[in-house]
Each structure stands twice: as structure tokens, then as C-alpha cells.
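The values are calculated or read from the model by the stated rules, or taken from the named source; none is laboratory data. This one's a predicted model, so the numbers in the text were calculated from it and none came from an experiment. As a convention, Cβ positions derive from the backbone with ideal geometry for all residues, glycine included, and neighbour counts pool all protein chains shown. Side chains included, ligands, DNA and RNA excluded: accessible areas come from the protein's heavy atoms. Shrake-Rupley method; radii C 1.70, N 1.55, O 1.52, S 1.80 Å.
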Amino acid sequence: LKMKNKYKKVKLHLYLPCKDQSAKWHNSDKEMYNKIIKEADKVVYVSENYTPFCMAERNRALVDNSSLCIAYCTQPKGGTAYTVGYAMDNDLEVINIAQLIENKEI
């Protein structure tokens, strides 16, 4: 949100797994989540309710609607690794911040 306020060309598009994602969260986390949603330029829910596949569907939607993938991926398996692989399979440029930090490039 700070970047969005500082740089007017920055837009915040949220691709969220389901509308009830925050149902079991602590109130303080829900408040922050709702504040972010209110300040977003676009909000897309991949599923009305939680399903076993909604997180993976959200990750694919992120890639399918992007021209660049900026990630923080430290593990060879899991949701982030899958999403980075999916981005690469779809010819998106991938910038892995974790690798840049590890290589002392940033």
C-alpha cells in the first residue's frame, strides 16, 4: 500500500482463493486484510467458498493474469515453487528475491 501511495502508476490487484479465506483468522488480522481489500484497485475471488483446490487455482490465476513473476521462493516443493514453475512454463520472466538475497545481489 505504501508503494501504491508513493507511485501512482502502481496498482494493487488481489487474486484471492475464496471469499471466506479469513473466517478463522484473529480479528486484528481480519482488520488488516479488510483494509487492504478496500484499498485494492481490483479484487478477484477464484472461488466463492474454500475448496481443496482454491489456493492452486488462485496461484494459476495470478500467473495467467501477469506479465512478470516476482517471488520469494526458498523450497523446491510447495505452492510457491509450483507457481514459479507454472510461470516459467508460461514464459513469464521470474525474479526470485530469495535467490538475489542468497547471491548477495540485493
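Being in a strand (DSSP E or B) and either over 19 Å from residue 15 (Cβ atoms) or open to solvent by 50 Å² or more (accessible area, probe 1.4 Å) (or both) is the filter here, so list the residues in the range 58-106 that pass it. Please lay out each step first, then the result.
Taking the range 58-106 as the starting set, the residues that turn out to be in a strand (DSSP E or B) are 68-71, 93-96.
68, 70, 93, 95, 96, listed by residue number.
All conditions in (1) in a loop (DSSP other than H, G, I, E, B); (2) within 18 Å of the chain's Cα centre (by Cα); (3) more than 21 Å from residue 65 (Cβ to Cβ) hold for residue 10, with the sole exception of (3). Among the residues of the range 17-47, none is identified as in contact with a Ser or Thr (Cβ under 9 Å, 6 or more places away or on another chain) and of a type in the set (A, V, I, L, M).
Of all residues in the range 20-43, those satisfying the criterion of being exposed (fewer than 14 other Cβ atoms within 10 Å of the Cβ), under 16 Å from the mean Cα position of the chain (by Cα) and touching a residue at least 24 places away in the same chain (Cβ under 8 Å) are 36, 39, 41, 42. Summed over the range 2-16, the residues that are within 14 Å of residue 35 (Cβ to Cβ) and among the basic types (Lys, Arg) give a count of 2. Here residue 51 fulfils each of the conditions (1) farther than 22 Å from residue 93 by Cβ; (2) open to solvent by 60 Å² or more (accessible area, probe 1.4 Å); (3) among the hydroxyl-bearing types (Ser, Thr, Tyr) apart from (2).
Of the residues making up the range 62-86, those that are of a type in the set (S, T, N, Q) and within 24 Å of residue 42 (Cβ to Cβ) are 65, 66, 67, 80, 83.
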